[in-house]
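Here's the structure, in structure tokens; my notes come after.
The values are calculated or read from the model by the stated rules, or taken from the named source; none is laboratory data. Because the structure is predicted, anything quoted here is derived from the model rather than measured. Virtual Cβ from ideal backbone geometry, glycine too; neighbours counted across all protein chains shown. The protein model used for the area step is the full one, side chains on, heavy atoms only, and it has no ligands, DNA or RNA in it. Shrake-Rupley method; radii C 1.70, N 1.55, O 1.52, S 1.80 Å.
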Amino acid sequence: KTLGEDHPETLISLGNIAFNLNRQERYSQAEVLFRNCWEVQKKTLGEDHPHTLNTLNGMAVAVDGQGNHDKAVELLQGCWEDMKKKLGEEHPDSLECLYDLANALKNQGNHSKAEKLQRDCCEISEKTLGINHPETLKYKKNLDLMITNTN
């Protein structure tokens, strides 16, 4: 109320709540918050601002969590392309988006493309963050699970 719904701090708080709802697998609630936040960020920050792109990424994960894998893949592919242009493919946010895209593709049933993107994610993360970085280890674990569950 004090700062207003368009204030950057308000949007960050909304995004954090939505992110935590995703982590709790409360995807429909998360999607509503992410979508509201995303709409305001597009107007106030621009469609290609890193915060706007991160919000879009979170919203796509919420969409995927609700079983709408085709829509999630569509959103994540666009988001990843925009992140690569804006931040570069080695940026941690771009890597996280690639990871989420790989998961959405796996959920969609496109296992070969999912595995290829997850391998790319691992390679980039190893190169930029190091082989023992927690994010690199998360990406490797996900790749191992993809391979195990497809074979």
Just need a number here: residues in segment 77-101 that are part of a loop (DSSP other than H, G, I, E, B), in contact (Cβ under 8 Å) with a residue 24 or more places away in the chain and not acidic (Asp, Glu).
-> 0
For Thr10, are the conditions met, namely being in a helix (DSSP H, G or I), open to solvent by 30 Å² or more (accessible area, probe 1.4 Å) and either farther than 17 Å from Gln77 by Cα or free of Cβ contacts under 8 Å to residues at least 60 places away in the same chain (or both)?
-> yes
Ser112 fails exactly one of (1) small (Gly, Ala, Ser); (2) under 15 Å from Asp144 (Cα atoms); (3) crowded, with 16+ Cβ neighbours inside 10 Å, namely (3)
When only residues in segment 83-94 that are closer than 11 Å to Asn57 by Cα and out of contact with any Lys or Arg (no Cβ under 7 Å at 6 or more places or on another chain) count, which is surrounded by the most Cβ atoms within 10 Å (Cβ to Cβ)?
-> Met83
Of the residues in segment 21-32, those that are polar (S, T, N, Q) and either in contact with a Cys (Cβ under 8 Å, 6 or more places away or on another chain) or open to solvent by less than 40 Å² (accessible area, probe 1.4 Å) (or both) come to Asn22
Count - residues of segment 97-123 that are over 17 Å from Lys71 (Cα atoms) and within 16 Å of the chain's Cα centre (by Cα) = 5
Could you tell me whether any residue of segment 128-142 is in contact with a helix residue (DSSP H, G or I) (Cβ under 6 Å, 6 or more places away or on another chain), over 28 Å from Leu14 (Cβ atoms), open to solvent by 50 Å² or more (accessible area, probe 1.4 Å) and not in a helix (DSSP H, G or I)?
-> no
Assess whether Asn57 counts as being within 24 Å of Thr136 (Cα to Cα) and in contact (Cβ under 8 Å) with a residue 12 or more places away in the chain.
-> yes
Kindly check whether there is at least one residue in segment 102-109 that is free of Cβ contacts under 8 Å to residues at least 12 places away in the same chain, in contact with a helix residue (DSSP H, G or I) (Cβ under 6 Å, 6 or more places away or on another chain) and in a helix (DSSP H, G or I).
-> no
Quick one: is Ala62 in contact with a Phe, Trp or Tyr (Cβ under 8 Å, 6 or more places away or on another chain) and open to solvent by less than 50 Å² (accessible area, probe 1.4 Å)?
-> yes
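One line per residue, one yes/no per condition, for (1) part of a helix (DSSP H, G or I); (2) open to solvent by 70 Å² or more (accessible area, probe 1.4 Å); (3) touching a helix residue (DSSP H, G or I) at 6+ places or on another chain (Cβ under 6 Å):
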| residue | (1), (2), (3) |
| --- | --- |
| Phe19 | yes, yes, yes |
| Phe34 | yes, no, yes |
| Asp48 | no, yes, yes |
| Leu53 | yes, no, yes |
| Asn57 | yes, no, yes |
